[in-house]
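Structure record follows, encoded as structure tokens.
The values are calculated or read from the model by the stated rules, or taken from the named source; none is laboratory data. Since the structure is predicted, the reported quantities are computational estimates derived from the model, not experimental observations. When we count neighbours, we look across all protein chains shown, and the Cβ atoms used for this are built from the backbone with ideal geometry, even at glycine. Please note that ligands, DNA and RNA were not included when accessible areas were found on the heavy atoms of the full protein model with its side chains. Shrake-Rupley method; radii C 1.70, N 1.55, O 1.52, S 1.80 Å.
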Amino acid sequence: SFRQLLAGLNGERLGLTIFSGQAITVFPLTDDYEFVGSKLDEAESAFASGSFAYFIGAEAAGNRASLSGDGLMSCVQGIEATRDDRARAVVLATDNDPVGKGIFVLREAAEQAVRDEVVVYAIGTPDMKPDRSAELAAATATTGGVMSVVQEDGTVDDLVRSIQQLERDRLRPVPTGVEVDDPAVPFGVAVAGFVVLLGA
């Protein structure tokens, strides 16, 4: 599903965090898609084989696992605050069936995402419990995102389209009124200033 998501994006930076009893960053935000693809290959292999070494650090002492709230909060906090208008999104893949008590519940992490202007998209599992599915859907909706359930063939088409629409909406210009005055400076100076502004 994440590989399909990668194929549908163009220029966005991506990072990967895994979590269970606690969260660890596999790699920070990057736009090196070849590197991202190789890391997804590693993750797929580790999940398929159950490689314990890959998950060292994500397993917490005590009976704690699948702590979606802590996992989401770690992802939100991993997105640096910038002054630009870059769209920010987290794709949260989870069964949302927490064991034990974490630091944050899912609702609290979603509220932080709203404050940080991060849209959360969720990939749920087909066998999720109804109450857990409803909780995950509500948390994502709070941020302006949607929840998709991964299909048997592993596709998440709706989610990819939603993320692409987020970026299109950000880039769509807002109609504004324009006032035109008789310029008092030579046209050549005005054009030079415009070019410098574009370069900046």
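Answer rounded, prolate or oblate for the range 1-123, using the Cα gyration tensor with square roots of eigenvalues a ≥ b ≥ c: rounded when a/c is under 1.5, else prolate when a/b is larger than b/c, else oblate.
Oblate is the answer for the range 1-123, as a/c is 1.5 or above yet b/c matches or exceeds a/b.
Within a Cβ distance under 14 Å of Arg132, other residues only, what is the Lys/Arg minus Asp/Glu net charge?
The answer is -3.
If amide hydrogens are placed 1.01 Å from N in the peptide plane, which non-local residues have theirs closer than 5 Å to the one on Thr17?
Placed amide hydrogens put Val26 under 5 Å from Thr17.
Leaving out ligands, DNA and RNA, and with a 1.4 Å probe, what % of the accessible surface on the range 1-127 is carbon or sulfur?
The C+S portion of the solvent-accessible surface of the range 1-127 is 52 percent.
Asp32: net charge of surrounding residues, Cβ under 11 Å, Lys/Arg +1, Asp/Glu -1, itself excluded?
Surrounding charge for Asp32 is 0.
May I ask for the net charge around Asp70, where only other residues with Cβ less than 12 Å from the Cβ of Asp70 are counted and Lys, Arg are +1 while Asp, Glu are -1?
So the environment of Asp70 carries a net charge of +1.
Multiply the residue gap between Asp116 and Leu9 by 0.36 nm, knock off their C-alpha separation, and tell me the result in nm, one decimal place.
36.3 nm
What spacing in nm lies between the two simple spin-label points modelled at Val150 and Glu108, each 7 Å away from Cα in the Cβ direction?
2.8 nm
Kindly report the accessible area of the range 34-142 per residue (heavy atoms of protein chains, probe 1.4 Å, no ligands, DNA or RNA), in Å².
Normalised by residue count, the accessible surface of the range 34-142 is 56 Å².
Students often check this: by mean Cβ neighbours within 10 Å, which of 12-25, 122-135, 39-52 ranks highest, and how do the rest follow?
Highest mean packing first, the order is 12-25, 122-135, 39-52.
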